[in-house]
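> Provided herewith is a single structure, encoded as C-alpha coordinates, for subsequent inquiry.
The values are calculated or read from the model by the stated rules, or taken from the named source; none is laboratory data. All of these numbers come straight from a predicted model, not from anything done at the bench. All Cβ positions, even for glycine, are placed from backbone atoms using ideal geometry, and neighbour counts span all protein chains on display. For the accessible areas, the whole protein counts, side chains as well, though only heavy atoms, and no ligand, DNA or RNA atoms are used. Shrake-Rupley method; radii C 1.70, N 1.55, O 1.52, S 1.80 Å.
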Amino acid sequence: MKWLMIFAALVPLSGMANMLNNSNDPDKPGYNPSTQRMQQQMQTQQSQQKLKLQQDQQRQSQDLQRKVQEQRDSASQRILQSQPGSNTQPPVQQNNSN
(Lines give C-alpha, C1' and ligand atoms only; values in the text may rest on other atoms or scores of the structure.)
Protein backbone atom coordinates (compact mmCIF):
# COMPACT_ATOMS: atom_id res chain seq x y z
CA MET A 1 0.00 0.00 0.00
CA LYS A 2 3.01 2.25 0.51
CA TRP A 3 3.68 2.16 -3.24
CA LEU A 4 0.18 3.49 -3.89
CA MET A 5 0.89 6.56 -1.77
CA ILE A 6 4.18 7.14 -3.58
CA PHE A 7 2.46 6.79 -6.93
CA ALA A 8 -0.20 9.30 -5.87
CA ALA A 9 2.58 11.73 -4.96
CA LEU A 10 4.20 11.31 -8.40
CA VAL A 11 1.10 12.13 -10.43
CA PRO A 12 1.04 15.87 -9.64
CA LEU A 13 4.78 16.11 -10.34
CA SER A 14 4.34 14.75 -13.86
CA GLY A 15 1.59 17.28 -14.51
CA MET A 16 3.80 20.11 -13.30
CA ALA A 17 6.66 18.93 -15.52
CA ASN A 18 4.34 19.03 -18.52
CA MET A 19 3.32 22.60 -17.68
CA LEU A 20 6.98 23.60 -17.51
CA ASN A 21 7.63 22.14 -20.95
CA ASN A 22 5.55 24.91 -22.52
CA SER A 23 7.79 27.69 -21.19
CA ASN A 24 11.10 25.97 -21.87
CA ASP A 25 11.58 27.16 -25.44
CA PRO A 26 14.21 29.94 -25.65
CA ASP A 27 12.38 31.44 -28.65
CA LYS A 28 9.15 31.94 -26.71
CA PRO A 29 8.51 34.97 -24.53
CA GLY A 30 8.84 34.24 -20.84
CA TYR A 31 11.72 31.76 -21.26
CA ASN A 32 13.58 31.36 -17.99
CA PRO A 33 16.69 29.16 -17.60
CA SER A 34 15.90 28.63 -13.93
CA THR A 35 12.60 27.08 -15.03
CA GLN A 36 14.58 24.60 -17.11
CA ARG A 37 16.78 23.73 -14.11
CA MET A 38 13.70 23.28 -11.95
CA GLN A 39 12.17 20.99 -14.58
CA GLN A 40 15.32 18.90 -14.74
CA GLN A 41 15.40 18.63 -10.95
CA MET A 42 11.75 17.57 -10.91
CA GLN A 43 12.36 14.95 -13.60
CA THR A 44 15.38 13.64 -11.70
CA GLN A 45 13.36 13.48 -8.50
CA GLN A 46 10.52 11.73 -10.31
CA SER A 47 12.93 9.17 -11.77
CA GLN A 48 14.38 8.51 -8.32
CA GLN A 49 10.92 8.10 -6.84
CA LYS A 50 9.93 5.68 -9.61
CA LEU A 51 13.06 3.63 -8.95
CA LYS A 52 12.34 3.56 -5.21
CA LEU A 53 8.75 2.57 -5.94
CA GLN A 54 9.91 -0.31 -8.13
CA GLN A 55 12.36 -1.44 -5.46
CA ASP A 56 9.66 -1.28 -2.77
CA GLN A 57 7.26 -3.25 -4.95
CA GLN A 58 9.92 -5.88 -5.66
CA ARG A 59 10.76 -6.17 -1.95
CA GLN A 60 7.07 -6.49 -1.02
CA SER A 61 6.58 -9.11 -3.71
CA GLN A 62 9.55 -11.12 -2.46
CA ASP A 63 8.32 -10.86 1.14
CA LEU A 64 4.88 -12.07 0.07
CA GLN A 65 6.35 -14.97 -1.91
CA ARG A 66 8.51 -15.97 1.07
CA LYS A 67 5.50 -15.82 3.41
CA VAL A 68 3.35 -17.92 1.06
CA GLN A 69 6.14 -20.49 0.71
CA GLU A 70 6.51 -20.69 4.49
CA GLN A 71 2.76 -21.28 4.81
CA ARG A 72 2.90 -24.01 2.16
CA ASP A 73 5.81 -25.69 3.89
CA SER A 74 4.03 -25.52 7.23
CA ALA A 75 0.82 -26.95 5.75
CA SER A 76 2.74 -29.74 4.04
CA GLN A 77 4.49 -30.58 7.29
CA ARG A 78 1.16 -30.73 9.16
CA ILE A 79 -0.30 -32.99 6.49
CA LEU A 80 2.68 -35.32 6.61
CA GLN A 81 2.54 -35.47 10.40
CA SER A 82 -1.18 -36.24 10.38
CA GLN A 83 -0.78 -39.27 8.12
CA PRO A 84 -1.36 -42.65 9.81
CA GLY A 85 1.86 -44.21 10.98
CA SER A 86 3.82 -40.99 10.98
CA ASN A 87 5.66 -39.62 13.94
CA THR A 88 3.74 -36.80 15.52
CA GLN A 89 6.90 -35.70 17.31
CA PRO A 90 9.69 -34.10 15.32
CA PRO A 91 12.84 -36.22 15.17
CA VAL A 92 15.17 -35.67 18.12
CA GLN A 93 18.68 -34.73 17.19
CA GLN A 94 21.25 -36.86 18.94
CA ASN A 95 24.33 -35.24 20.31
CA ASN A 96 27.25 -37.49 19.37
CA SER A 97 29.99 -35.83 21.37
CA ASN A 98 32.46 -38.48 22.55
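> Identify, from the list Arg59, Arg78, Arg37, the residue that is basic (Lys, Arg), open to solvent by 90 Å² or more (accessible area, probe 1.4 Å) and modelled with pLDDT of 95 or more. Before the answer, list the steps.
Numbers: Arg78 fails: modelled with pLDDT of 95 or more; Arg37 fails: modelled with pLDDT of 95 or more.
Residue meeting the stated conditions: Arg59.
> May I pose another question? What about Lys52, is it under 15 Å from Lys2 (Cβ atoms), part of a helix (DSSP H, G or I) and open to solvent by 90 Å² or more (accessible area, probe 1.4 Å)?
Details: under 15 Å from Lys2 (Cβ atoms): yes; part of a helix (DSSP H, G or I): yes; open to solvent by 90 Å² or more (accessible area, probe 1.4 Å): yes.
So Lys52 fits the description; yes.
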